[in-house]
Amino acid sequence: MDRPAPSARRAIAAATVGNALEFYDFVIYTFFAIQIGHAFFPAQGSYGSLMLSLATYGVGFVTRPIGGLIIGNYSDRAGRRAGMMLSFTLMGGCVITMALIPTYASIGIAAPILVVLTRMVMGFSLGGEVGPTTAYLLESASPRNRGVITAWQTGSQTIAVLLGGVAGLALSFVLTPAALDSYGWRIAFLAGAVTVPFGLWVRRGLPETLHRAEAAATSFSQAATRLGAAREHGRIIVLGLVVLAYGTISTYVRQYMTTFAQATLHMSSRPAFAVGVANGVAALAGVFYGAWLSDRIGRRPVMLWSNLAALLITYPVFLWIVEAHSPLALLGGIALLSAVSSVTFGTFYAALTESLPKRIRGGAVGTLYAVAVAVFGGTCQFAVTWLIHVTGNAMAPGWYLLVACAAAQVAIQMIPESAPVRRA
């Protein structure tokens, strides 16, 4: 693998610390959904408390498209660095706030209200994070290694999953179940917050990739120009939305396995949190293998064959997990599914971003991602929990994921090749 230039390495560090911290927040909320439900959403039964917790988690996705549109378009006008600084500053405040909100028992109804408001601001900042950072990574890379450099967008999310799993697993070893339920999840949030000063420092020193002269030259009737460019590239935008919908569902179903293991399979907290580690390690390997391969043989064949493989193994993997009902099946099955499906998304972000003109990349990628996550990510875990409850079938997550993967396979068939190695 080619060694990135110093400027690209700084871009990777800046994008990674921001994306990882923002996704770490959402991952930690997912992993500790049961405990957070107990703290802020008391109910007569564990199912009601969990559903209220997951519904609040979903509220954070409502504001993502707004953040994607506003901060993404801001980065297309003022620069990638300005957009990245804005989203990161908002996120840092939310992570700290989430860790410090008193429980329902302490301040009553004000507690869940503060949690909902914090999730909404976090959703806004995260919606605005993806577009500028993805555009910045692509624009910082040379044509021969765009896939690998841009893959740090997905890689940073995967690192967040891994770190969240490590944090949860470590806390489950050092704290009693009662302590984990009472304050362990707060420690996990605060652990992520320690990276905020470093993230602000490294992003402040980034060179700009959206050149000021270029931005000034296109400032007249800029909105009309961007709208026209979006219409011109409407096909790739629609296809990208379908693939992103599957990627979102895949990500949040796999993250849900921590809750699934405890609430549905009735496993202890240790194997439940360990699945986050297995998911993160396997996905990280898949992401960068797919990106490296796409720089050499093209984006399209990598996405086609890896997604087809994921489609073929999804049902058997979930059947194994549900029927075996063991930590080995849970960890091994999710690791396998994560590795295979992540190959597609190690490739996809470069394919989508380099298919769009520079003047709309930040806004288009950010808005597309935010809409996909808001519609499918925000509802995914709530919907899966509800489906398991009403059907009594623990295979519900597998069927949900299978339908999304099949839709993505159709969309990938129609995505044109964009890799420089193939276009040349």
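The values are calculated or read from the model by the stated rules, or taken from the named source; none is laboratory data. Since this is a predicted model, take the numbers as computed values, not measurements. Cβ sites come from the backbone with ideal geometry, for glycine too, and all protein chains shown count toward neighbours. Please note that ligands, DNA and RNA were not included when accessible areas were found on the heavy atoms of the full protein model with its side chains. Shrake-Rupley method; radii C 1.70, N 1.55, O 1.52, S 1.80 Å.
General observations
- Electrostatic dipole magnitude of the chain [Cβ: Lys, Arg +1; Asp, Glu -1; Cα centre; debye, to 20]: 1040 debye
- Going by accessible surface with a 1.4 Å probe and the largest first, HIS38, HIS233 read HIS38, HIS233.
- Of the chymotrypsin sites (Phe, Trp or Tyr not before Pro) found in the stretch 280-356, not one falls in a DSSP loop while having at most 11 other beta-carbon atoms within 10 Å.
- The phi torsions of the stretch 176-190, fed into the Karplus equation with coefficients 6.51, -1.76 and 1.60 and a -60° offset, translate into couplings of 6, x, 5, 5, 4, 5, 7, 9, x, 5, 5, 4, 4, 5, 5 Hz, rounded to whole numbers, with Gly and Pro shown as x.
- Förster radius 41 Å - calculated FRET efficiency between ALA13 and ALA110 (Cβ-Cβ, nearest 0.05): 0.60
- Across the stretch 380-387, coupling constants 3J(HN,Hα) worked out from phi with the 6.51/-1.76/1.60 Karplus curve, θ = phi - 60°, read 4, 5, 4, 5, 5, 4, 5, 4 Hz, and Gly and Pro carry x.
- Simple label model, 7 Å out from Cα along Cβ direction - ALA394 to GLU417, nm: 4.5 nm
- Residues of the chain: accessible area per residue with a 1.4 Å probe, Å²: 37 Å²
- Rg over Rh, two decimals, the chain (C-alpha only, Kirkwood Rh): 0.96
- Taking GluC sites (Glu not before Pro) in DSSP loop states with no more than 16 other Cβ atoms inside 10 Å as exposed sites, the chain has its longest site-free stretch at 209-416.
- Computed from the C-beta positions of LEU175 and GLU232, the FRET efficiency with R₀ = 56 Å rounds to 0.55.
- If you take all other residues with their beta carbon under 13 Å from the beta carbon of GLY199, and give Lys and Arg +1 and Asp and Glu -1, the sum is +1.
- Net charge of neighbours whose Cβ lies under 12 Å from the Cβ of GLY398, counting Lys and Arg as +1 and Asp and Glu as -1: 0
- Sulfur and carbon atoms: percent of accessible area, the chain [1.4 Å]: 70 percent
- Count Lys and Arg as plus one, Asp and Glu as minus one, and take only other residues whose Cβ is under 12 Å from that of MET122; the net charge is then -1.
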